[in-house]
1. Any residue at all in the range 2-21 that is in contact with a helix residue (DSSP H, G or I) (Cβ under 7 Å, 6 or more places away or on another chain), outside any helix (DSSP H, G or I), free of Cβ contacts under 8 Å to residues at least 12 places away in the same chain and under 29 Å from residue 96 (Cβ atoms)?
2. Looking at (1) under 17 Å from the mean Cα position of the chain (by Cα); (2) closer than 23 Å to residue 6 by Cα; (3) without any contact (Cβ under 8 Å) to a residue 12 or more places away in the chain, which is the only condition residue 65 fails?
3. Failed condition for residue 3, given (1) more than 22 Å from residue 75 (Cα to Cα); (2) surrounded by 11 or more Cβ atoms within 10 Å (Cβ to Cβ), with all others met?
4. Restricting attention to the range 50-65, which residues are away from ligand 1 (no atom under 16 Å from the Cβ), on the phi < 0 side of the Ramachandran plot and exposed (fewer than 15 other Cβ atoms within 10 Å of the Cβ)?
5. Being surrounded by 15 or more Cβ atoms within 10 Å (Cβ to Cβ) and under 18 Å from the mean Cα position of the chain (by Cα) narrows it down to one residue among 13, 38, 32; which is it?
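Read the figures in this text as sums done on the coordinates, not as results from a lab. Being a predicted model, the structure only gives us computed values, none of them experimental. Positions of Cβ are backbone-derived with ideal geometry, glycine not excepted, and every protein chain shown enters the neighbour counts.
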Ligand SMILES: [Zn+2]
Ligand SMILES: [Zn+2]
């Protein structure tokens, strides 16, 4: 078992592939809920306003956006950019055009991946198959 220390609180925990310790992860989920609920009630507010009202750190909210857990369209005053080309995106790390380019490259590298262009389609196929 790998042991690592949490970058948030410094506590030592067993590495399960998650960045932070279980306690901080729980806290993060709680903060995510708070932010999500706040945005549901107040769509279109600025990210600074969300920070003030929910006392969740701006970096944390940006992280949620990066993870695709929050949609930027509900927020103002924040610009997410594609990791590859720098285009403005609404959520995640890479813009749609670059996702497509990356997929094309992946397809060229391994013909097998053609069958499952995206994880979603693959999952749908799987569900359909198991229903037979
Ligand atoms: Zn921690
Ligand atoms: Zn891009």
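1. yes
2. Among (1) under 17 Å from the mean Cα position of the chain (by Cα); (2) closer than 23 Å to residue 6 by Cα; (3) without any contact (Cβ under 8 Å) to a residue 12 or more places away in the chain, residue 65 violates only (3).
3. For residue 3, the failing item is (2).
4. Narrowing the range 50-65 to residues away from ligand 1 (no atom under 16 Å from the Cβ): 50-55, 58, 61-62, 64-65.
Then drop every residue that is not on the phi < 0 side of the Ramachandran plot, which leaves 50-54, 58, 61-62, 64-65.
Those that are away from ligand 1 (no atom under 16 Å from the Cβ), on the phi < 0 side of the Ramachandran plot and exposed (fewer than 15 other Cβ atoms within 10 Å of the Cβ): 52, 53, 58.
5. On the way: 13 fails: under 18 Å from the mean Cα position of the chain (by Cα); 38 fails: under 18 Å from the mean Cα position of the chain (by Cα).
Exactly one of 13, 38, 32 is surrounded by 15 or more Cβ atoms within 10 Å (Cβ to Cβ) and under 18 Å from the mean Cα position of the chain (by Cα), namely 32.
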